[in-house]
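> Could you have a look at this structure, given as C-alpha coordinates, before my questions?
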Amino acid sequence: MLRRFRPGTGDKSPLLISGDGRGVLCLHGITGTPYEVRPLAEAFGRAGCTVAAPMLAGHGATLAELAQSTWMVCGFSMGGLLALRLARLHPADVSALVVMSAPLRLRRLQVMGIRSVARLPIDLHKLPGFCIPKLNGSDISDREMRYDNPGLRAFPMAALAALVDLMDVVRADLPAIATPTLVVHGRRDHTVPMEDSLELTGCLGSEVIERLWLEKSFHIVTLDVERAVAIDRAMRFVGRYAGWADAEGTPAGARAPSPDAPSVGNR
(Lines give C-alpha, C1' and ligand atoms only; values in the text may rest on other atoms or scores of the structure.)
Protein backbone atom coordinates (compact mmCIF):
# COMPACT_ATOMS: atom_id res chain seq x y z
CA MET A 1 0.00 0.00 0.00
CA LEU A 2 2.68 2.51 1.01
CA ARG A 3 4.67 1.84 -2.13
CA ARG A 4 2.19 3.75 -4.29
CA PHE A 5 2.99 6.98 -2.40
CA ARG A 6 6.78 6.70 -2.64
CA PRO A 7 8.74 8.34 -5.47
CA GLY A 8 9.71 5.83 -8.14
CA THR A 9 13.33 4.95 -8.70
CA GLY A 10 13.30 5.01 -12.52
CA ASP A 11 15.77 7.21 -14.41
CA LYS A 12 14.12 10.61 -14.81
CA SER A 13 17.07 12.41 -16.40
CA PRO A 14 16.64 14.14 -19.77
CA LEU A 15 17.78 12.29 -22.88
CA LEU A 16 19.81 13.65 -25.77
CA ILE A 17 20.81 10.98 -28.30
CA SER A 18 23.14 12.05 -31.09
CA GLY A 19 22.33 10.58 -34.46
CA ASP A 20 21.85 11.64 -38.05
CA GLY A 21 19.82 14.51 -39.47
CA ARG A 22 16.45 12.95 -38.57
CA GLY A 23 15.28 14.74 -35.42
CA VAL A 24 12.68 13.47 -32.95
CA LEU A 25 11.36 15.44 -29.96
CA CYS A 26 9.67 13.41 -27.19
CA LEU A 27 7.70 15.37 -24.56
CA HIS A 28 6.41 13.90 -21.28
CA GLY A 29 3.17 14.71 -19.47
CA ILE A 30 2.17 16.95 -16.56
CA THR A 31 3.83 15.91 -13.24
CA GLY A 32 5.92 13.46 -15.27
CA THR A 33 9.56 13.19 -16.35
CA PRO A 34 11.48 11.93 -19.41
CA TYR A 35 11.13 8.44 -17.89
CA GLU A 36 7.62 8.36 -19.39
CA VAL A 37 8.92 8.65 -22.96
CA ARG A 38 12.32 6.96 -22.51
CA PRO A 39 11.33 3.66 -24.24
CA LEU A 40 10.04 5.61 -27.26
CA ALA A 41 13.07 7.93 -27.35
CA GLU A 42 15.53 5.06 -27.09
CA ALA A 43 13.76 3.17 -29.91
CA PHE A 44 14.20 6.14 -32.25
CA GLY A 45 17.79 6.47 -31.04
CA ARG A 46 18.51 2.84 -31.95
CA ALA A 47 17.19 3.63 -35.43
CA GLY A 48 19.93 6.26 -35.77
CA CYS A 49 17.79 9.36 -35.20
CA THR A 50 18.84 12.38 -33.19
CA VAL A 51 16.47 12.41 -30.22
CA ALA A 52 15.74 14.93 -27.47
CA ALA A 53 13.54 14.13 -24.47
CA PRO A 54 13.87 17.19 -22.21
CA MET A 55 12.61 17.72 -18.69
CA LEU A 56 9.79 20.24 -19.01
CA ALA A 57 10.06 23.37 -16.88
CA GLY A 58 9.01 22.91 -13.26
CA HIS A 59 9.06 19.11 -13.46
CA GLY A 60 11.31 16.47 -11.95
CA ALA A 61 11.75 18.04 -8.52
CA THR A 62 9.04 19.27 -6.14
CA LEU A 63 5.38 20.25 -6.17
CA ALA A 64 6.45 23.80 -5.33
CA GLU A 65 8.55 24.09 -8.50
CA LEU A 66 5.76 22.71 -10.66
CA ALA A 67 3.26 25.10 -9.08
CA GLN A 68 5.45 28.02 -10.21
CA SER A 69 5.60 26.97 -13.87
CA THR A 70 3.22 27.71 -16.76
CA TRP A 71 2.81 25.97 -20.09
CA MET A 72 4.35 28.94 -21.94
CA VAL A 73 7.72 28.12 -20.33
CA CYS A 74 7.53 24.55 -20.23
CA GLY A 75 4.09 14.19 -26.74
CA PHE A 76 2.59 12.31 -24.35
CA SER A 77 -0.45 13.71 -22.45
CA MET A 78 0.36 17.41 -21.81
CA GLY A 79 3.42 16.87 -24.00
CA GLY A 80 1.02 16.00 -26.81
CA LEU A 81 -0.70 19.36 -26.39
CA LEU A 82 2.68 21.11 -26.54
CA ALA A 83 3.57 19.15 -29.68
CA LEU A 84 0.31 20.28 -31.32
CA ARG A 85 1.09 23.85 -30.35
CA LEU A 86 4.57 23.59 -31.90
CA ALA A 87 3.06 22.22 -35.12
CA ARG A 88 0.66 25.18 -35.24
CA LEU A 89 3.40 27.77 -34.67
CA HIS A 90 6.17 26.12 -36.72
CA PRO A 91 4.46 24.00 -39.40
CA ALA A 92 7.50 23.93 -41.68
CA ASP A 93 9.63 22.37 -38.92
CA VAL A 94 7.27 19.52 -37.94
CA SER A 95 6.88 16.70 -40.48
CA ALA A 96 4.77 14.31 -38.39
CA LEU A 97 3.02 14.20 -35.02
CA VAL A 98 2.33 11.34 -32.62
CA VAL A 99 -0.11 12.50 -29.94
CA MET A 100 -0.64 10.08 -27.07
CA SER A 101 -3.38 10.38 -24.42
CA ALA A 102 -3.70 14.13 -24.88
CA PRO A 103 -6.09 15.91 -22.44
CA LEU A 104 -8.06 18.03 -24.89
CA ARG A 105 -10.90 18.77 -22.42
CA LEU A 106 -10.81 16.38 -19.44
CA ARG A 107 -14.13 15.71 -17.74
CA ARG A 108 -16.62 18.56 -17.40
CA LEU A 109 -16.87 18.49 -13.61
CA GLN A 110 -13.08 18.36 -13.29
CA VAL A 111 -12.64 21.46 -15.44
CA MET A 112 -15.44 23.30 -13.65
CA GLY A 113 -13.75 22.59 -10.31
CA ILE A 114 -10.33 23.73 -11.55
CA ARG A 115 -11.73 26.94 -13.04
CA SER A 116 -13.68 27.69 -9.86
CA VAL A 117 -10.56 27.33 -7.73
CA ALA A 118 -8.53 29.42 -10.19
CA ARG A 119 -11.01 32.29 -9.76
CA LEU A 120 -10.49 32.44 -6.00
CA PRO A 121 -8.68 35.59 -4.74
CA ILE A 122 -5.54 33.61 -3.84
CA ASP A 123 -2.20 33.04 -5.54
CA LEU A 124 -2.15 29.32 -6.31
CA HIS A 125 1.54 29.50 -7.23
CA LYS A 126 2.33 30.20 -3.57
CA LEU A 127 0.33 27.17 -2.40
CA PRO A 128 2.13 24.09 -3.75
CA GLY A 129 0.48 21.98 -1.07
CA PHE A 130 -2.92 22.77 -2.57
CA CYS A 131 -2.99 19.75 -4.85
CA ILE A 132 -4.86 16.63 -5.91
CA PRO A 133 -3.03 13.45 -4.85
CA LYS A 134 -2.69 10.42 -7.11
CA LEU A 135 -4.21 7.95 -4.68
CA ASN A 136 -3.47 4.95 -6.90
CA GLY A 137 -0.12 6.16 -8.17
CA SER A 138 0.59 6.57 -11.87
CA ASP A 139 -2.17 5.47 -14.23
CA ILE A 140 -0.33 2.39 -15.60
CA SER A 141 -1.64 -1.17 -15.48
CA ASP A 142 1.90 -2.60 -15.46
CA ARG A 143 2.58 -2.66 -11.70
CA GLU A 144 6.38 -2.49 -11.88
CA MET A 145 6.33 0.42 -14.32
CA ARG A 146 3.74 2.14 -12.13
CA TYR A 147 5.92 1.97 -9.04
CA ASP A 148 9.18 2.72 -10.87
CA ASN A 149 7.77 5.87 -12.47
CA PRO A 150 9.55 8.81 -10.72
CA GLY A 151 6.86 11.39 -11.52
CA LEU A 152 5.27 13.55 -8.84
CA ARG A 153 2.54 11.90 -6.78
CA ALA A 154 0.09 14.81 -6.94
CA PHE A 155 -1.21 17.54 -9.26
CA PRO A 156 -0.72 21.10 -7.95
CA MET A 157 -3.87 23.15 -8.56
CA ALA A 158 -1.78 25.94 -10.12
CA ALA A 159 -0.40 23.50 -12.69
CA LEU A 160 -3.88 22.15 -13.45
CA ALA A 161 -5.16 25.70 -14.00
CA ALA A 162 -2.33 26.27 -16.49
CA LEU A 163 -3.16 22.96 -18.19
CA VAL A 164 -6.79 24.01 -18.66
CA ASP A 165 -5.60 27.26 -20.28
CA LEU A 166 -3.35 25.27 -22.63
CA MET A 167 -6.25 22.98 -23.58
CA ASP A 168 -8.29 26.04 -24.61
CA VAL A 169 -5.46 27.35 -26.81
CA VAL A 170 -4.82 24.00 -28.50
CA ARG A 171 -8.49 23.29 -29.23
CA ALA A 172 -8.64 26.59 -31.13
CA ASP A 173 -5.47 25.61 -33.03
CA LEU A 174 -6.70 22.23 -34.29
CA PRO A 175 -8.41 23.21 -37.58
CA ALA A 176 -5.23 25.03 -38.66
CA ILE A 177 -2.88 22.09 -37.98
CA ALA A 178 -2.16 20.28 -41.27
CA THR A 179 0.67 18.02 -40.05
CA PRO A 180 0.15 14.25 -40.52
CA THR A 181 -0.89 12.96 -37.09
CA LEU A 182 -1.14 9.62 -35.31
CA VAL A 183 -3.44 9.72 -32.27
CA VAL A 184 -2.89 7.03 -29.61
CA HIS A 185 -5.11 6.32 -26.59
CA GLY A 186 -5.56 3.51 -24.07
CA ARG A 187 -9.13 2.29 -23.78
CA ARG A 188 -8.70 1.84 -20.00
CA ASP A 189 -7.32 5.35 -19.42
CA HIS A 190 -8.53 6.64 -16.01
CA THR A 191 -7.03 10.12 -16.46
CA VAL A 192 -8.08 11.39 -19.89
CA PRO A 193 -11.40 10.26 -21.41
CA MET A 194 -11.36 8.56 -24.81
CA GLU A 195 -13.70 11.30 -26.06
CA ASP A 196 -10.75 13.72 -26.02
CA SER A 197 -8.89 11.71 -28.65
CA LEU A 198 -12.08 11.23 -30.67
CA GLU A 199 -12.55 15.00 -30.73
CA LEU A 200 -8.92 15.46 -31.67
CA THR A 201 -9.21 13.19 -34.72
CA GLY A 202 -12.42 14.94 -35.72
CA CYS A 203 -11.13 18.51 -35.48
CA LEU A 204 -7.58 18.41 -36.84
CA GLY A 205 -7.08 20.10 -40.20
CA SER A 206 -4.68 17.44 -41.45
CA GLU A 207 -5.59 15.25 -44.42
CA VAL A 208 -3.60 12.40 -42.82
CA ILE A 209 -4.95 11.27 -39.44
CA GLU A 210 -4.50 7.76 -38.09
CA ARG A 211 -5.53 6.37 -34.72
CA LEU A 212 -4.39 3.57 -32.48
CA TRP A 213 -6.65 2.46 -29.63
CA LEU A 214 -4.86 0.17 -27.17
CA GLU A 215 -7.25 -2.29 -25.57
CA LYS A 216 -5.33 -3.07 -22.35
CA SER A 217 -3.53 0.19 -21.61
CA PHE A 218 -4.21 2.85 -19.00
CA HIS A 219 -3.08 6.48 -19.42
CA ILE A 220 0.70 6.26 -19.77
CA VAL A 221 0.73 4.14 -22.90
CA THR A 222 4.49 4.59 -23.42
CA LEU A 223 5.15 2.56 -20.26
CA ASP A 224 2.18 0.22 -20.16
CA VAL A 225 1.69 -3.38 -21.28
CA GLU A 226 1.17 -2.48 -24.96
CA ARG A 227 4.12 -0.09 -25.16
CA ALA A 228 5.80 -2.23 -27.84
CA VAL A 229 2.72 -1.79 -30.04
CA ALA A 230 2.62 1.98 -29.48
CA ILE A 231 6.35 2.38 -30.16
CA ASP A 232 6.26 0.25 -33.29
CA ARG A 233 3.30 2.16 -34.73
CA ALA A 234 4.81 5.54 -33.82
CA MET A 235 8.10 4.69 -35.52
CA ARG A 236 6.37 3.46 -38.67
CA PHE A 237 4.13 6.51 -38.83
CA VAL A 238 6.92 9.03 -38.32
CA GLY A 239 9.18 7.15 -40.73
CA ARG A 240 6.51 7.21 -43.44
CA TYR A 241 5.43 10.84 -43.19
CA ALA A 242 8.82 12.35 -42.43
CA GLY A 243 10.19 10.57 -45.49
CA TRP A 244 12.64 8.33 -43.58
CA ALA A 245 10.99 4.97 -44.12
CA ASP A 246 12.11 1.83 -45.87
CA ALA A 247 9.67 -0.13 -48.00
CA GLU A 248 7.83 -1.42 -44.90
CA GLY A 249 7.38 2.04 -43.41
CA THR A 250 10.00 1.58 -40.66
CA PRO A 251 12.72 4.24 -40.18
CA ALA A 252 15.94 3.02 -41.77
CA GLY A 253 18.05 1.17 -39.22
CA ALA A 254 15.18 0.49 -36.85
CA ARG A 255 14.44 -2.84 -35.25
CA ALA A 256 10.83 -2.34 -34.30
CA PRO A 257 9.24 -4.71 -31.75
CA SER A 258 6.64 -7.20 -32.91
CA PRO A 259 3.17 -5.70 -32.24
CA ASP A 260 0.08 -7.43 -30.93
CA ALA A 261 -3.18 -6.82 -32.75
CA PRO A 262 -4.41 -3.39 -31.58
CA SER A 263 -7.51 -1.59 -32.74
CA VAL A 264 -6.25 0.52 -35.64
CA GLY A 265 -8.05 2.73 -38.08
CA ASN A 266 -8.05 5.93 -40.04
CA ARG A 267 -9.91 9.05 -39.12
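The values are calculated or read from the model by the stated rules, or taken from the named source; none is laboratory data. Worth saying up front: this structure is predicted, and the values here are computed from it rather than measured. Surface accessibility is based on the protein's heavy atoms, side chains included, excluding ligands, DNA and RNA. Shrake-Rupley method; radii C 1.70, N 1.55, O 1.52, S 1.80 Å.
> Give the ranking of K134, K126, K12 by solvent-accessible surface, highest area first, calculated with a 1.4 Å probe.
On the way: K134 30, K126 150, K12 75 Å².
From most accessible down to least: K126, K12, K134.
> In whole Å and largest first, what semi-axes does the C-alpha gyration tensor of segment 130-200 yield when each eigenvalue is scaled by 5 and square-rooted?
Details: eigenvalues 133, 66, 20 Å².
Largest first, segment 130-200 gives 26, 18, 10 Å.
> How much length is gained on full extension from M194 to R119, taking 0.36 nm per residue of separation minus their Cα-Cα distance?
Details: separation 75, 0.36 × 75 = 27.00 nm, distance 2.81 nm.
Additional length available on full extension: 24.2 nm.
> With a 1.4 Å probe and all protein chains left in place, how much accessible area per residue does segment 131-215 have, in Å²? Don't skip to the answer; put the middle values down first.
Working: 3070 Å² over 85 residues.
With the other protein chains kept in place, segment 131-215 gives 36 Å² per residue.
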